[in-house]
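Participant: Structure provided below as structure tokens; questions to follow.
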Amino acid sequence: MSVTTPDRPGLTMSGRPMSLPLKDVWALSRQMVGHFVENVAPCGTLPGDAIYGDVTTITRTCLELAVSMLDGKDVRAKTERLEDAAGQWAREGVPINTIHHAIHEGFKIGLDLVTGAAVRHQSLGAEAGSEPMLTLNTADYENLVDGAKRVVEMLDTMTTAVSVAYVRELKAVVSEHHTAVHTLTSALLGGHPTSTMARECGIEIAERYRVIAVAIPPHPEEASPMLDSKVVARRKLRRVQAELALRCGESLLSLLSVDGGTLLIPAEQFDDEGLEKLVGRLSHAARVPVTAAVVTTASAEIPTAADQAHQLLDMVQRLQSVPGLYRFDDLALEYQLTRPGPGREYLGSLLDPLDEHAELLDTLQTHIAHNLNRQRTARLLHVHTNTVDYRLKRIGQLTGFDPTQASGLWYLRSALVARTYGS
């Protein structure tokens, strides 16, 4: 039940309630809805039952709320009804800008009615043929000023109610979808049956997937003593998730944390070039260089492919390779070298002569990781290119394998891969 607030008297104009032109909320709500259909474009695309059902009902609620505020009455119950409607609109996908636009259009109509009624009332008794004129006494002027303030308050009350309820409901919907995606992704990675779960989640399972292992390094600001490292990390993750949602849509399945995770993308969604661009965009969004490894497989083989992708990613990181996208097919030999056995132990021992020359081992690793680019190696090691050449020559002398020759480089690279997995 509405209760009049003692310190909120109703506003009047020349002794008449300012809300009087808005009292017939049933007729006025139908008039406003007709205006919305003609002037608020998305409203015209709604079905008839929505236009003359929910939209008309909530328009009437807004009018009743406006009348109550002009009359100085409690509006809590009406505000709650507005919040309920906004939540329903969010779930149905009605754009929030359309809702706010409709509210402001309604305010224009209501304001015209209130001021128009005041002009007509003041012009009664004026000489025939004279122009209507609004002449205000002190009390009416103060009420008009108070009315303008209350109009702003109405807008604040309505837009706040709509926005808070809309965002709250949207978060709930997103959370439901996120939980469904998380559950389905976990099931696929675990090799569990997913057909029933997929139907319940409303997500179609593709025949083949790009299984991508992703590593996201810490953002430099995570180490700042002036900032909360957890907040910085979460913001980095949200930027990556937003970029993925933009580029991949609802077909993406993912399990990500602040330092990386696993992505499942339908194989036909991106070609090789598109996948490389996606990783580049993720690096741009994260504001740190992202490294990823991809294995393409049938949906039934996702658990095995995920293990391979993460092992490949681990190998790439151990080798300190440049960030970017790595494919299993391109590094199958290196991957095989990481398997335990006497071959790996032998290859790893080829670098034993460099154990007492840390700068040589570091030079070899940097040189191979950066595609044998002498200038880049020198720049990263802060030495001259001649120094790089000297060190490479020295490595050849100590190990018996010349890193400037294809055969020698093959052994040294293989030895480096094997050694990173040695005990």
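Taken together, the values in this text are just the output of simple stated rules run on the coordinates, not laboratory data. Here the structure is a predicted model, which means the values were calculated and not measured. Here the Cβ is made from the backbone with ideal geometry for all residues, glycine too, and neighbour counts use every protein chain on show.
Participant: Could you give the size of the charge dipole of the stretch 207-337 about its Cα centre, using +1 on the Cβ of each K and R and -1 on the Cβ of each D and E, expressed in debye and rounded to the nearest 20?
Facilitator: Working: 14 positive and 18 negative charges, 132 e Å.
Value, rounded to 20: 640 debye.
Participant: For an R0 of 25 angstrom, estimate the FRET efficiency from the Cβ-Cβ distance between residue 242 and residue 208 and round to the nearest 0.05. Write out the running numbers ahead of the final one.
Facilitator: Details: r = 26 Å, r/R0 = 1.04.
For residue 242 and residue 208, the calculated efficiency is 0.45.
Participant: Rounded, prolate or oblate, given the Cα gyration tensor of the stretch 190-338, with a/c below 1.5 counting as rounded? Kindly include the intermediate steps, with their values, before the conclusion.
Facilitator: Numbers: a/c = 1.87, a/b = 1.23, b/c = 1.51.
Oblate shape, in that a/c is at least 1.5 and b/c is the bigger or equal ratio.
Participant: Follow-up question, since we're still on this one. In the stretch 224-284, with Lys and Arg counted as +1 and Asp and Glu as -1 at Cβ, which of these residues, 229, 248, 266, has the Cα nearest the positive end of the dipole, that is, farthest along it?
Facilitator: Value: 229.
Participant: If you take the square roots of the eigenvalues of the alpha-carbon gyration tensor of the stretch 342-420 and sort them as a ≥ b ≥ c, do you get rounded (a/c under 1.5), prolate (a/b over b/c) or oblate?
Facilitator: Working: a/c = 1.80, a/b = 1.71, b/c = 1.05.
Cα axes put the stretch 342-420 in the prolate bin.
Participant: Considering amide H positions built from the backbone, and no H for Pro or chain starts, which residues 5 or more places from residue 12, or on another chain, come under 5 Å of its amide H?
Facilitator: Residues meeting the criterion, in which the H sits 1.01 Å from N, are 18.
Participant: Starting from the Cα gyration tensor of the stretch 265-423, take the square roots of the eigenvalues, sort them a ≥ b ≥ c, and report rounded, prolate or oblate (rounded when a/c is under 1.5, otherwise prolate if a/b is larger than b/c, else oblate). Intermediate values should be presented prior to the final figure.
Facilitator: Working: a/c = 2.66, a/b = 1.52, b/c = 1.75.
Oblate is the answer for the stretch 265-423, as a/c is 1.5 or above yet b/c matches or exceeds a/b.
Participant: Okay, moving on. As an exercise, identify the GluC sites (Glu not before Pro) in the stretch 319-423 lying in DSSP coil whose Cβ has no more than 15 other Cβ atoms within 10 Å. Present the calculation step by step, with values, prior to reporting the outcome.
Facilitator: Numbers: sites: 334, 345, 356, 359; in loops: 356.
Within the stretch 319-423, the qualifying GluC sites (Glu not before Pro) (loop, at most 15 other Cβ atoms within 10 Å) are 356.
Participant: Among 331, 213, 298, whose Cα lies farthest out toward the positive end of the dipole of the stretch 207-337, if unit charges sit on the beta carbon of Lys, Arg (+1) and Asp, Glu (-1)?
Facilitator: Among 331, 213, 298, the one farthest towards the positive end of the dipole of the stretch 207-337 is 213.
Participant: First measure r as the distance between the Cβ atoms of residue 230 and residue 314, then evaluate 1/(1 + (r/R0)^6) with R0 = 35 Å and state the FRET efficiency to the nearest 0.05. Working shown, then result.
Facilitator: Details: r = 25 Å, r/R0 = 0.71.
For residue 230 and residue 314, the calculated efficiency is 0.90.
Participant: Further question: Please get the size of the charge dipole for the stretch 342-420, origin at its Cα centre, with Cβ charges of +1 on Lys and Arg and -1 on Asp and Glu, quoted in debye to the nearest 20. Don't jump to the answer; show the numbers that get you there.
Facilitator: Details: 9 positive and 8 negative charges, 70 e Å.
Once rounded to the nearest 20, the dipole reads 340 debye.
Participant: In addition: Could you order the peptides 146-156, 220-230 from most to least packed, using the average number of other C-beta atoms within 10 Å per residue?
Facilitator: Most protected by this proxy first, the peptides run 146-156, 220-230.
Participant: Then there's this: Mind giving me the nanometre distance, one decimal, between the label points for residue 277 and residue 100, set 7 Å out from Cα along Cα→Cβ?
Facilitator: Here the answer is 3.2 nm between the modelled labels.
Participant: Show me the ranking of peptides 312-319, 210-217 by mean Cβ neighbours inside 10 Å, starting with the highest. It would help to have the intermediate numbers written out before the result.
Facilitator: Details: 312-319: 19.0, 210-217: 23.8.
Going from most to least packed, we get 210-217, 312-319.
Participant: Once you list every other residue whose beta carbon is under 14 Å from the beta carbon of residue 64, what net charge do they have if Lys and Arg are +1 and Asp and Glu are -1?
Facilitator: Working: positive: 23, 60, 73, 76, 78, 81; negative: 24, 71, 74, 80.
Overall, the nearby charge balance is +2.
Participant: Only sites in a loop by DSSP and with at most 16 other Cβ atoms within 10 Å count here; which trypsin sites (Lys or Arg not before Pro) in the stretch 322-396 make the cut? Intermediate values should be presented prior to the final figure.
Facilitator: On the way: sites: 327, 344, 374, 376, 379, 391, 393, 394; in loops: none.
Sparse-neighbourhood loop trypsin sites (Lys or Arg not before Pro): none present.
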